[in-house]
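Peer 1: What follows is a structure written as structure tokens; I'll ask about it next.
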Amino acid sequence: MNRARCYLKVLSLALALAAPLSKAEDSVVVQIGFSGPLSGMSEAYGRSLFHAAQLAVDQANSPANAPLNVIDGKSVRFVLAALDDKQDMNMSILVAKYFVQSGVVGVIGNTNTTNSLATSAIFDEAHLAHISPASSGRNYTRMGHRSAFRVVGHDEQAIYSLVPYLLGDMHAKKIAIISNETLFGMGISGKFEKALQDFQKPAFMRENISGRTYDFNAVLDHIQEAGVDYLFFGGNAEQAAMLARSMQRKGVTARLISAMAGTAGDNFLKVAGTASEGVIALEYGVPPDKMTGWKKFYSSFNTAYADGINPFTVCSYDATNLLIEAVREANSTDRKKIVEQLHNIKYKGVSGNISFDETGDLLSPTFTVYQVSNLKWQPIKVLQTSKH
């Protein structure tokens, strides 16, 4: 309990520093929260999403947008209050409780399914919009929380688009599954396993590992002995990169597959190196060169920040711009009004058109299969949304 109180004091100071009061009496500071990992194993991933959100806020505050930044007759300035949830469920709950008590009008986050499931009820009780740029677990939007949204497709849609492609176009014959023991890892691996059964091609074997381990030796020995040709990994991109390196070191010839983990980004290539060659990843959205506004976003982001871009970076940018637009259209900082505006919004983001169904799920999501070739991610197939 003392540790929790101490952390809340740190959060109070962080938000106080993040959002200085406006000096003009006729202007209003509008705070937007960001909850994601800014330290630890997933720091590179989290900072990329945080900086994308910051870029959106900075652009919204540009002089060119001043005529748009008026609420109830007063000019407004948007401020991002970013807090480190360390990709940890308990820490994310503390962050969520603090945001509820603070003056934020909405939250960009959480950035993984486990934390989104843990915090959604806290946000919803306060009618605080929370838009995830990355949480793909289907249950996140199945809890009846009207303030929950996501700007990516859910994992069941993704998997039921991926499996027929693997069995058909990729001619997969003997498939193994490794799942880390996180809610995301177990969830997406379970859906992959069920989809294989539905398509009458059961997985040859499934192994579970810790979400924090980099020791894959025992599991890979079993896979190598079995002569598996494809290995599906349910887990985060950082762990997937280390798995790829272990597979290369041990001479495992199975091709590694990842889904909805942000794997098809710069950081995976940096960590996995030559072991990334041939790796397959399914990610949300169309390829970047098919995205309207991608070149401008890419240039602006790389000019401002040195972070690598992952598939969810642009989603964080879109989620932040979406929340800002909802505040403008609602002409209010009232949390309930912002939630209702999000349910009615139609927004054209870099990643595509964004509007939601009654549960807060994105309408008509698209997915892309990528493959590493010559140490670069190359799109090889765009998949339309499955009805699942």
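Peer 1: Just the Kirkwood number for segment 90-129, please: inverse of mean 1/r across all distinct Cα pairs, in Å, one decimal.
Peer 2: Working: mean 1/r = 0.1012 Å⁻¹.
That comes to 9.9 Å for segment 90-129.
Peer 1: Once the mean 1/r over all distinct Cα pairs of segment 139-178 is inverted, what Kirkwood radius in angstroms do you read off?
Peer 2: 12.5 Å
Peer 1: Let me ask something else. Report, in degrees rounded to the nearest 10, the 0 to 90 angle that the Cα long axis of helix 183-198 makes with the longest principal axis of the chain.
Peer 2: 50 degrees
Peer 1: How high is the relative contact order of segment 334-388, in percent, with contacts defined as C-alpha pairs under 8 Å that are six or more residues apart?
Peer 2: In percent, rounded to a whole number, it is 21.
Peer 1: How far is it, in nm, from the label point at Tyr214 to the one at Ser355 when both lie 7 Å from their Cα along the line to the Cβ?
Peer 2: 4.7 nm
Peer 1: For the residues Val228, Val382, Val327, what sequence is obtained by ranking on other C-beta atoms within 10 Å, fewest first?
Peer 2: The most exposed by this proxy come first: Val382, Val228, Val327.
Peer 1: Report for the chain the percent antiparallel among DSSP-assigned beta bridges with both residues inside it, nearest 5.
Peer 2: 35 percent
Peer 1: May I ask you to order 141-151, 369-379 by the average number of other C-beta atoms within 10 Å around their residues, highest value first?
Peer 2: Output ranking for 141-151, 369-379: 141-151, 369-379.
Peer 1: Sticking with this one: Order of 87-100, 335-348, 187-200 by packing, highest average Cβ count within 10 Å first?
Peer 2: 87-100, 187-200, 335-348
Peer 1: Something else: Just to confirm my numbers, what's the Cα centroid distance between segment 338-388 and segment 27-89 in Å?
Peer 2: 21 Å
Peer 1: Can you give me the pair-distance distribution of segment 205-364, C-alpha pairs, 5 Å bins, whole percents?
Peer 2: The percentages, shortest bin first, are 1, 8, 15, 16, 14, 12, 11, 9, 7, 4, 2, 1, 0.
Peer 1: Let me ask another. Roughly how tilted is helix 294-304, in degrees to the nearest 10 and between 0 and 90, from the longest Cα axis of the chain?
Peer 2: The answer is roughly 70 degrees.
Peer 1: Once you charge only the Cβ atoms, +1 for Lys and Arg and -1 for Asp and Glu, what is the size of the charge dipole of the chain about its Cα centre, to the nearest 20 debye?
Peer 2: The calculated dipole for the chain is roughly 140 debye.
Peer 1: Let me ask something additional. In percent, what relative contact order does segment 40-193 have, based on Cα pairs under 8 Å that are 6 or more apart in sequence?
Peer 2: It comes to 15 percent, rounded to a whole number.
Peer 1: Quote the convex hull volume per residue of segment 26-141, based on C-alpha atoms, as a whole number of Å³.
Peer 2: Hull volume over Cα atoms, normalised by residue count, gives 104 Å³.
Peer 1: Still on this structure: Starting from one equal scatterer on each C-alpha and no solvent at all, send me the Debye-based log10 I(q)/I(0) for segment 129-219 at q = 0.22, 0.25 Å⁻¹, two decimals.
Peer 2: Result of the Debye calculation: -1.11, -1.22.
Peer 1: Then there's this: Ratio of segment 74-187's C-alpha Rg to 2.2 N^0.38 Å, to two decimals?
Peer 2: Against the empirical 2.2 N^0.38 Å value, I get 1.29 for segment 74-187.
Peer 1: Nothing charged except the Cβ atoms of Lys and Arg (+1) and of Asp and Glu (-1): what's the magnitude of the dipole of segment 167-257 about its Cα centre? Round to the nearest 20 debye.
Peer 2: 120 debye
Peer 1: On a 0 to 90° scale, report how tilted helix 217-226 is relative to the longest principal axis of the chain, with both axes built from alpha carbons and the result rounded to the nearest 10.
Peer 2: The two axes meet at around 50 degrees.
Peer 1: Continuing with the same structure: Could you compute Rg(Cα) / (2.2 N^0.38 Å) for segment 223-286, with N its residue count?
Peer 2: Against the compact-globule rule of thumb, the ratio is 1.04.
Peer 1: Kindly rank 123-134, 248-259, 299-310 from highest to lowest mean number of other beta carbons found within 10 Å of each residue.
Peer 2: 123-134, 248-259, 299-310
Peer 1: OK, next. Contact order normalised by length for the chain, with contacts defined as Cα pairs under 8 Å and 6 or more residues apart; what percent is it?
Peer 2: Across the chain, relative contact order equals 18 percent.
Peer 1: What whole-number volume per residue, in cubic angstrom, does the convex hull of the C-alpha atoms of the chain give?
Peer 2: With only Cα atoms used, the chain gives 130 Å³ per residue.
Since every read-out is calculated from the coordinates, none of them should be taken as a lab result. Just so you know, these numbers come straight off a predicted model, no measurement behind them. Neighbour counts run over all protein chains shown; Cβ positions are idealised from the backbone, glycine included.
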